[in-house]
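The values are calculated or read from the model by the stated rules, or taken from the named source; none is laboratory data. All of these numbers come straight from a predicted model, not from anything done at the bench. Here the Cβ positions follow ideal geometry from the backbone for every residue, glycine too, while neighbour counts run over all protein chains shown. These accessible areas exclude ligands, DNA and RNA; they are computed on the full protein's heavy atoms, side chains included. Shrake-Rupley method; radii C 1.70, N 1.55, O 1.52, S 1.80 Å.
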Amino acid sequence: MRNTVFIVSLGCPKNLVDTEVMAGLLLTNGFMLAEEPAQADLYLINTCAFLPEAREEAYENIREAIRWKKKRKSGRRIVVTGCLSQKISLDELYKSYPEVDIFLPVDAIGKLAEILQGATVPHCSGSPTFLADETMPRLLLTMPHVAFLKIADGCNNCCAYCSIPGIRGHLRCRTQESILKEARDLVDGGAKELVLIAQDITAYDQPGGLGALLRKLNDVHGDFRIRLLYTHPAHYTDDFITAMAECKKVISYLDIPLQHISDRILKAQFRRVTTAETRALLKKLRTTIPDLVLRTTFITGLPGETEAEFEELKDFIREQRFERCGVFAYSPEPDTPAANYPDQIPYEIARTRADELLELQQSIMLERNREWIGKKDRVLIDQLFEEGACGRGSLDAPEIDNQVWVTAPYPLEVGQFYDIIYTEADEFELHGEIQ
Ligand code: SF4
């Protein structure tokens, strides 16, 4: 059982794609994958380090792996990769967890198999430059009909509260050809939903930008749909918005993290967009793209956020009635400008404000979901149950949003599209019948 690997992937879909590439590289280099830790002799954890909660989850998983390692006298190894090993000093990590055999930075992903076979020694190159492309083997760990398509890595935006540019490095984009080749392979392999991801997909800087890429992806042969996650409000172009509206395979769904609406806070966040520009962009999107579903995120409790600024944000959410919305309570990230701002707000206040917004959003989601009753949609079936099936239509991204329960007079198939009409809805789920 040498070289049998149990993999844990933590964090966001971007990290999941890295895990999938590592799994692909291991399989093509003679390693085997284990479904249970007990079957493995190597425990690989691909970590997230975005927020304190994510780091705590990573540490918990490391402790779990250490318990696993100690159950046997020898021959078991622990490898920790990803954002945690990039963010925290390796000296500190090895000192805290001497039982871990290797902590690997982001740039080691492409050389993982050689490193584990002892053929290459990992070295930390500072700012990461790794960017997987279509030539790297990749084992999809999502449902077989859904695939995340990472078009870039790193970020140049340097928002004042965010540690990601320091962890993932500067923006680097894949060529259009590389993305198209992978998209064709994924669709030929059975993917029905391609989800474009990056730290900021609207920063895509290859010729023609994101608009040109969407048009090319839309021309890829096959019955599939395209969903977009992680856009930045300062980087929308008219051409991209037109492409969204024109391309039939691109779902009318946009994830556009706004983070706040107060001009003072947006400036302190280094978001390079004003209140007026944000409102104008949302108006343009709603009028140009029919039936648009908007997902956003906000951060509460930024240093100095006054009651009045929080109320301004609440009013904005009531006014815009986003279909989907997440809220983070701010906590200072070491080595970010916002961590050194005066007037830090106690975390409990930030959390209370976040909970208040989430409660407000719950009532908005109920209304928004109910507005779909009687409307038609195309649902991709994810799972079958005795009493029916569940899937997702336009409103819901995989692993992020909600589900649609579908009843049908005949058996449905996972990974197939069906036209439905929505019949019922609550805050979190919708119900529909086959047309
Ligand atoms: S856009 Fe801002 S919040 Fe998003 S990853 Fe880049 S720096 Fe972080």
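Note that region 32-155 shows a convex hull volume over its alpha carbon atoms of 141 Å³ per residue.
Toward the positive end of the charge dipole of the chain, with +1 on the Cβ of Lys and Arg and -1 on the Cβ of Asp and Glu, the farthest Cα among Phe428, Ala34, Tyr418 is that of Ala34.
Translational diffusion coefficient of region 255-326 (Stokes-Einstein, Kirkwood radius from Cα pairs, 20 °C, 1.002 mPa s): 170 µm²/s. Amide H to amide H, with H built 1.01 Å from N, Arg225 comes under 5 Å of Glu193, Leu194, counting only residues 5 or more places away or on other chains. Over the C-alpha trace of region 376-434, radius of gyration and Dmax come out as 10.1, 29 angstrom. Computed over every Cα-Cα pair of the chain and binned at 10 Å starting from 0, the pair-distance distribution P(r) comes out as 4, 20, 29, 28, 16, 4, 0 percent. Once the dipole of region 167-234 is set up with Lys and Arg at +1 and Asp and Glu at -1 on Cβ about the Cα centre, which of His170, Leu214, Leu229 lies farthest towards its positive end? Comparing the listed Cα positions along the dipole, His170 ranks first.
For region 204-323, what is the convex hull volume of the alpha-carbon atoms per residue, in Å³? Before the final figure, lay out the partial values.
Numbers: hull volume 12.1 nm³, N = 120.
In region 204-323, the Cα hull volume divided by residue count equals 101 Å³.
Would you calculate a helix-derived [θ] at 222 nm for the chain, using -39,500 (n - 2.57) for each DSSP H run of n ≥ 4 and dividing by the full residue count, to the nearest 500? Could the numbers behind the result be given before it?
On the way: 13 runs with 148 residues, N = 435.
Calculated mean residue ellipticity at 222 nm is -10500 deg cm²/dmol.
For region 51-103, take N as its residue count and report Rg(C-alpha) divided by 2.2 N^0.38 Å. After normalising by residue count via 2.2 N^0.38 Å, the value is 1.12.
Per residue, the accessible area of region 376-434 comes to 48 Å², computed with a 1.4 Å probe over protein heavy atoms only. Comparing Val327, Leu366, Phe310 along the charge dipole axis of region 278-422, the residue lying farthest to the positive side is Leu366, per the Cβ-charge model. Of all beta bridges that DSSP places with both ends in the chain, some 35 percent have antiparallel geometry.
Quick one: dipole size for region 143-283, taken about the Cα centre, charges +1 on Lys/Arg Cβ and -1 on Asp/Glu Cβ, in debye to the nearest 20. If you can, show how the numbers build up before the last one.
Values: 19 positive and 16 negative charges, 63 e Å.
With Lys and Arg at +1 and Asp and Glu at -1, about 300 debye.
Using 0.36 nm per residue of separation minus the Cα-Cα distance, give me the extension gain between Glu386 and Arg215 in nm, one decimal. Please list the in-between numbers first.
Working: separation 171, 0.36 × 171 = 61.56 nm, distance 3.99 nm.
Length gained between Glu386 and Arg215: 57.6 nm.
Taking the alpha-carbon centroid of each part, what is the distance from region 215-258 to region 317-349 in angstrom? Between the Cα centre of region 215-258 and that of region 317-349, the gap is 27 Å. Taking amide H as placed 1.01 Å from N in the peptide plane, the amide H of Thr81 sits under 5 Å from that of Ile45, Asn46, Thr47, Leu104, each at least 5 places away or on another chain. Summary of the geometry: region 88-162 and region 362-435, compared by the centres of their Cα atoms, lie 36 Å apart. Legend: residue pairs Lys150/Lys283; Lys14/Lys70; Lys192/Lys248; Lys181/Lys284, Cα-Cα distance threshold 23 Å; pairs beyond threshold, Lys150/Lys283; Lys14/Lys70; Lys181/Lys284. For Glu35 paired with Glu114, estimate the spin-label separation in nm (one decimal), with each label point 7 Å from Cα along the Cα-to-Cβ line. Each label point is offset 7 Å from its Cα along the Cβ direction, giving 3.4 nm. Just so you know, the averaged projected area of the alpha carbon convex hull for region 315-435 sits at 10.0 nm². Considering only beta bridges that DSSP places wholly inside region 146-370, some 10 percent are antiparallel.
If the only charges are +1 at each Lys and Arg Cβ and -1 at each Asp and Glu Cβ, what is the size of the charge dipole of region 45-123 around the Cα centre, to the nearest 20 debye? Before the final figure, lay out each step's value.
Numbers: 13 positive and 11 negative charges, 114 e Å.
Computed about the Cα centre, the dipole is about 540 debye.
What is the magnitude of the charge dipole of the chain about its Cα centre, with +1 placed on the Cβ of each Lys and Arg, -1 on the Cβ of each Asp and Glu, and no other charges, expressed in debye to the nearest 20? It would help to have the intermediate numbers written out before the result.
Details: 50 positive and 66 negative charges, 234 e Å.
Its charge dipole is roughly 1120 debye.
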